[in-house]
Amino acid sequence: MSRLRALVLALACALATLTGCVDVPTSGPPQRIDGPAPPCQNCVNVEVEPPSFGDEPKEVVQGFLRATSIYQPNYSVAKKFLTKVAVEKWSPEDGAQIYAGSPVAVGQNRVRLEGRLVGSLSPDRSYTAQDKPLSWDFGLVKEDGEWRISRPPAGLMIADFVFPRFYTSYNIYFLGNGATLVPDPIYLPNLPNQANVAAVLMKALLSGPSRWLQPAVTSAIPSDTALSVDSVTFENGVAKVPLAPDVLTLNDRQRSLLAAQVVYTLDQAAGVERVLFQVNQKPFRVPQSDEDSLEVPVERIAPDVDPVPFVAGDQLYAVRKRAVQVLDLSADSPQPRALGNPLGRGKYGVDSLAVSVANTDIAAVTDGRTVLRVGSTTTADDVTTRLDGVTNLLRPQYSRYGELWAVGDSGGQQRMWVFNGDKPTEVAASTLAGGRITAFKISPDGARMALVRSVGARSELGLARIIRGEQITVDGWRPLNLSRVGSPAISVLRDVAWLDATDLLVLGGPTTKAPMLPYRLSQDASVVTAPSEPNITDVVEVAVLLGARQTSILVGRTGQTYKDDGTQWATFLGGCSTVAFPD
């Protein structure tokens with residue numbers, strides 16, 4: 001079953017309580033709600049009215065837009081504004097358009113929606129930020145003496161000011177490189193009942209990843225696995241997940257990964273503390289299960305599958321006066337010391353750095369961005385050359401799997417390489433064909449890559465997916481629109497980093513002459529947050545220490561660095577040309 005169909009059925013079943021707040025189910029498994037149930041938002045806070053006798057064309061369109069902006073099971077009220085033929089053809093499951101604008105009457109019987117398309121939800125519920133003109137004629141006609149819409153837009157129309165109030169972002173989790181969790185964001189209507197949230201999320205997980213992410217991930221859950229009972233019950237902090245017998249054939253490793261996917265996904269439903277898997281109405285054991293209850297506590301999932309890897313140490317590596325220095329961020333004041341190899345003695349002019357997640361290996365671009373060298377962070381061993389005879393090398397990066405990635409020019413074109421040892425393997429990177437990469441950063445889970453590209457005189461930000469097989473492929477360019485209505489103007493981009501598994505920090509500004517500033521945004525650009533410190537000196541580089549000790553450092557054009565202390569950007573170490581954390 002496709003994710004679209006599964007989500008539609010899940011929402012229809014799980015949200016049936018929203019059709020009437022006093023309905024009492026007469027069948028199905030029991031569900032206990034601890035404490036008073038939250039109010040039914042769609043029943044109490046918002047009224048969606050059907051058309052009234054004698055409504056004018058503009059009133060009909062306004063009513064239809066109101067009815068599609070707010071969730072209703074089957075959108076039965078919205079359909080009352082359509083002609084009989086349009087009702088048969090219109091499908092609210094065809095996704096959604098998030099718009100800024102209002103309907104405009106054109107003559108006596110024509111109404112157009114004029115404005116901007118600021119975002120869209122695809123049928124698989126993934127979000128895409130957009131910024132396009134929007135003009136739609138609804139084709140008002142008389143039917144049985146009343147004005148009705150004969151040309152509804154495909155799917156739902158959701159006003160931009162309504163969307164953040166009535167829709168919430170969730171992640172469902174799949175496996176990158178067969179070993180670590182990768183978040184796949186979807187948007188769902190706000191659901192007051194957390195058992196309903198859990199049920200919809202579980203069905204979305206069973207339906208598989210979004211079309212964009214699918215080539216880069218796998219799942220430990222056998223294909224076509226379904227819930228044996230059409231719900232997830234929730235009682236005393238335990239989410240009970242009834243699975244079909246397909247999972248009985250899984251070995252312990254596969255069961256562990258299945259449990260990780262499910263627990264991370266369901267942990268987003270408020271109050272979930274443990275998960276109990278059931279098959280044929282009996283508890284289903286996974287390696288993380290409690291010996292007696294067979295329940296899986298949320299904290300029992302092994303940390304090595306977390307989308308953000310554990311980073312060893314909280315050292316910052318900075319290049320000052322050509323030499324690599326190391327300082328401990330946990331100290332009250334920075335006390336840089338020279339790295340104990342030739343990179344720390346200023347033997348090479350270092351242009352940029354990368355440090356492995358294990359904090360054991362360091363890579364440096366040197367010699368005017370023409371040579372890639374590697375060494376140890378822990379010994380005085382000599383530095384070895386990994387790549388030379390190239391030009392315009394960008395800042396390299398280690399992935400969580402120990403790979404070293406590099407981008408530079410060779411043979412008259414930009415190329416991408418990955419090292420799993422001494423020798424480079426060229427990456428099949430279709431993303432290089434659409435523009436020139438000026439900065440890149442691999443996601444903490446290792447399955448996605450954020451890139452800044454220049455296309456002529458403009459720059460653009462986007463994501464690509466990393467597909468690991470016989471050959472590593474980077475493809476699926478997915479632009480993140482940062483110029484839409486209501487968002488800060490970011491037309492020029494300089495650098496990018498991952499703040500966590502789902503959010504990015506980008507350096508950008510409105511023009512090439514304006515100072516570059518740090519902006520936080522979600523991985524689908526549905527939320528863009530301007531910096532709280534607008535007086536930061538023009539910055540050119542960003543580095544982020546991931547995990548529980550999360551810290552961000554900005555490097556200014558003059559060499560001054562700024563450290564995020566959680567509330568503001570404070571001046572930190574001076575005289576730095578480039579910096580790096582273990583990543």
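Looking only at region 165-184, residues that are open to solvent by 20 Å² or more (accessible area, probe 1.4 Å), in contact (Cβ under 8 Å) with a residue 40 or more places away in the chain and not in a loop (DSSP other than H, G, I, E, B) come to 4 in all. Of all residues in region 224-260, those being under 14 Å from residue 202 (Cβ atoms), at pLDDT below 90 and outside any loop (DSSP other than H, G, I, E, B) number 3. Scanning region 432-461 for residues that are at pLDDT 95 or above, part of a strand (DSSP E or B) and among the small types (Gly, Ala, Ser) returns 439, 450.
Taking region 131-164 on its own, how many of its residues are in a loop (DSSP other than H, G, I, E, B) and crowded, with 20+ Cβ neighbours inside 10 Å? Full working, then the answer.
If we filter region 131-164 for residues that are in a loop (DSSP other than H, G, I, E, B), which is where we start, we get 138-139, 144-145, 150-155, 160-162.
Now restrict to residues that are crowded, with 20+ Cβ neighbours inside 10 Å: 138, 152.
The qualifying residues number 2.
Here residue 465 fits the description: surrounded by 21 or more Cβ atoms within 10 Å (Cβ to Cβ), touching a residue at least 60 places away in the same chain (Cβ under 8 Å), among the basic types (Lys, Arg) and not in a loop (DSSP other than H, G, I, E, B). Does region 228-241 include one or more residues that are hydroxyl-bearing (Ser, Thr, Tyr) and crowded, with 16+ Cβ neighbours inside 10 Å? Yes: one or more hits. Only one of the numbered conditions (1) farther than 26 Å from residue 157 by Cβ; (2) assigned to a helix (DSSP H, G or I) is violated by residue 204, and that is (1).
List the strands (runs of 3 or more DSSP E) that sit entirely inside region 291-397 and contain at least 3 residues that are buried (at least 18 other Cβ atoms within 10 Å of the Cβ) and in contact (Cβ under 8 Å) with a residue 60 or more places away in the chain.
By residue number, 315-320, 350-355.
For region 105-130, a residue qualifies if it is assigned to a strand (DSSP E or B), touching a residue at least 40 places away in the same chain (Cβ under 8 Å) and open to solvent by 40 Å² or more (accessible area, probe 1.4 Å), and the qualifying residues are 105, 110, 116, 128.
Quick check on this structure: which one of 443, 459 is crowded, with 22+ Cβ neighbours inside 10 Å and within 22 Å of residue 529 (Cβ to Cβ)?
Details: 459 fails: crowded, with 22+ Cβ neighbours inside 10 Å.
Result: 443 is the single residue among 443, 459 that is crowded, with 22+ Cβ neighbours inside 10 Å and within 22 Å of residue 529 (Cβ to Cβ).
If I ask for residues that are within 19 Å of the chain's Cα centre (by Cα) and of a type outside the set (Phe, Trp, Tyr), which ones from region 513-542 would you list?
Residues of region 513-542 that are within 19 Å of the chain's Cα centre (by Cα), as a first pass: 518-530.
Passing the criteria: 518, 520, 521, 522, 523, 524, 525, 526, 527, 528, 529, 530.
The values are calculated or read from the model by the stated rules, or taken from the named source; none is laboratory data. Here the structure is a predicted model, which is why all the values come from computation and not from measurement. Backbone-built Cβ (ideal geometry, glycine too); neighbour counts: all protein chains shown. Areas reflect the complete protein model, heavy atoms only, side chains present, ligands, DNA and RNA absent. Shrake-Rupley method; radii C 1.70, N 1.55, O 1.52, S 1.80 Å.
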